[in-house]
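Novice: Dropping a structure here in structure tokens format, bear with me for questions.
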Amino acid sequence: MALPKINSSPKYEMTIPSTGETVRFRPFLIKEEKSMLIAAESGETNIILKSIVDTLEACIDKDINMSNLATFDIEYMFIKLRAKSVGETSSIGVRCPSCEKENELKVNINELEINVPESKSVIVKLTDDISVELGYPSFGDISNAGIDADNLSSVENLFNLIQYCFKTVITKEEKFNLKDHSREEITAFIESLDSTQFSEIREWIENIPKLKHDYELNCVQCNTMLKSSLEGLSSFLS
């Protein structure tokens, strides 16, 4: 007689932010946690992301193409999964800039939410005759390109990400689907923008939904007020 299976049935529900679809899931098990720990030891971002996606696919009871979801969907889904798997509170170290004391910040990760605008794309008018449609880049695009979407202070990251946010170019006569054009063509188009045109696009990209938690606390050593925000999945994993 075979040994019984435990913890294999979905117990919880969550909603995918960009689609509004509700899915059921179970907490991750030791086998999935082991795979994620091995991935974390590698230090390779792509390996870690693949491990997270593999874990989500194992724990969600619906067949979902994760590559088509937005990066913030993956982050949100994993943080909800982690909350039910290893605990809803994450202890995060916050260093005081005045005395360099490491302070403990406790965050209820189960309460983290992502606000997604009703419209998933935006039309930006570049000239009287040319506009571009911007949309959220897919997780598959970001992962395959090796882009760190949480580090937009890097010029290379920003320019690479912009390529995947451009969906169509619209003129009075025609609409160009950029899936039909090479990365080199898209890069050349982006580089032809002036500073004003680029700044509007950059502002939209910097406001793509993400996991975010504003906090304030007093340093336990010098009583300096520490006030800032945590952003991105890596900020909430302790």
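The values are calculated or read from the model by the stated rules, or taken from the named source; none is laboratory data. What you are looking at is a predicted structure, and each value in this text was computed from that prediction instead of being measured. A quick note on method: Cβ atoms are made from the backbone with ideal geometry, for glycine too, and the neighbour counts reach across all protein chains shown.
Novice: Restricting to segment 203-238, give me the number of residues that are of a type outside the set (F, W, Y) and assigned to a helix (DSSP H, G or I).
Specialist: Count: 6.
Novice: If you don't mind, there's one more thing I want to ask. When you scan segment 197-218, do you find a residue that is more than 28 Å from N46 (Cα to Cα), touching a residue at least 40 places away in the same chain (Cβ under 8 Å) and loosely packed, with under 12 Cβ neighbours inside 10 Å, even just one?
Specialist: no
Novice: For segment 186-202, enumerate the residues that are over 19 Å from the mean Cα position of the chain (by Cα), charged (D, E, K, R) and not in a loop (DSSP other than H, G, I, E, B). Show your work before the answer.
Specialist: If we filter segment 186-202 for residues that are over 19 Å from the mean Cα position of the chain (by Cα), which is where we start, we get 186-200.
So of that shortlist, the ones also charged (D, E, K, R) come out as 191, 194, 200.
Selection gives E191, E200.
Novice: Of these, L134, L81, L158, which one is touching a residue at least 24 places away in the same chain (Cβ under 8 Å), touching a Ser or Thr at 6+ places or on another chain (Cβ under 8 Å), surrounded by 13 or more Cβ atoms within 10 Å (Cβ to Cβ) and within 30 Å of L37 (Cα to Cα)?
Specialist: That would be L81, the only listed residue that is touching a residue at least 24 places away in the same chain (Cβ under 8 Å), touching a Ser or Thr at 6+ places or on another chain (Cβ under 8 Å), surrounded by 13 or more Cβ atoms within 10 Å (Cβ to Cβ) and within 30 Å of L37 (Cα to Cα).
Novice: Is it the case that segment 134-154 has a residue that's at pLDDT 90 or above, of a type in the set (A, V, I, L, M) and not assigned by TED's automatic domain parsing to the domain that holds E75?
Specialist: Yes, segment 134-154 contains a residue that is at pLDDT 90 or above, of a type in the set (A, V, I, L, M) and not assigned by TED's automatic domain parsing to the domain that holds E75.
Novice: Still on this model: Select the strands (runs of 3 or more DSSP E) contained entirely in segment 1-98, then report the ones holding at least 3 residues which are within 30 Å of E216 (Cβ to Cβ).
Specialist: Hits in segment 1-98: 89-95.
Novice: Sort through I74, I30 and tell me the only one that's aliphatic (A, V, I, L, M) and surrounded by fewer than 13 Cβ atoms within 10 Å (Cβ to Cβ).
Specialist: I30
Novice: Can you name the number of the only condition in (1) under 25 Å from the mean Cα position of the chain (by Cα); (2) more than 21 Å from S143 (Cβ to Cβ); (3) not in a helix (DSSP H, G or I) that F176 fails?
Specialist: (1)
Novice: Output the residue which, of all residues in segment 2-46 that are among the acidic types (D, E) and closer than 23 Å to G87 by Cβ, is modelled with the lowest pLDDT.
Specialist: Only one residue fits best here, namely E41.
Novice: Further question on the same structure: Residues to consider are L105, L178; find the one that is closer than 27 Å to G20 by Cβ and touching a strand residue (DSSP E or B) at 6+ places or on another chain (Cβ under 8 Å).
Specialist: Going through L105, L178 in turn, just one is closer than 27 Å to G20 by Cβ and touching a strand residue (DSSP E or B) at 6+ places or on another chain (Cβ under 8 Å): L178.
Here is a yes/no grid of residues against (1) closer than 24 Å to F72 by Cβ; (2) touching a Lys or Arg at 6+ places or on another chain (Cβ under 7 Å):
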| residue | (1), (2) |
| --- | --- |
| I170 | no, no |
| K175 | no, no |
| E191 | no, no |
| R202 | yes, no |
| V220 | no, yes |
| F236 | yes, no |
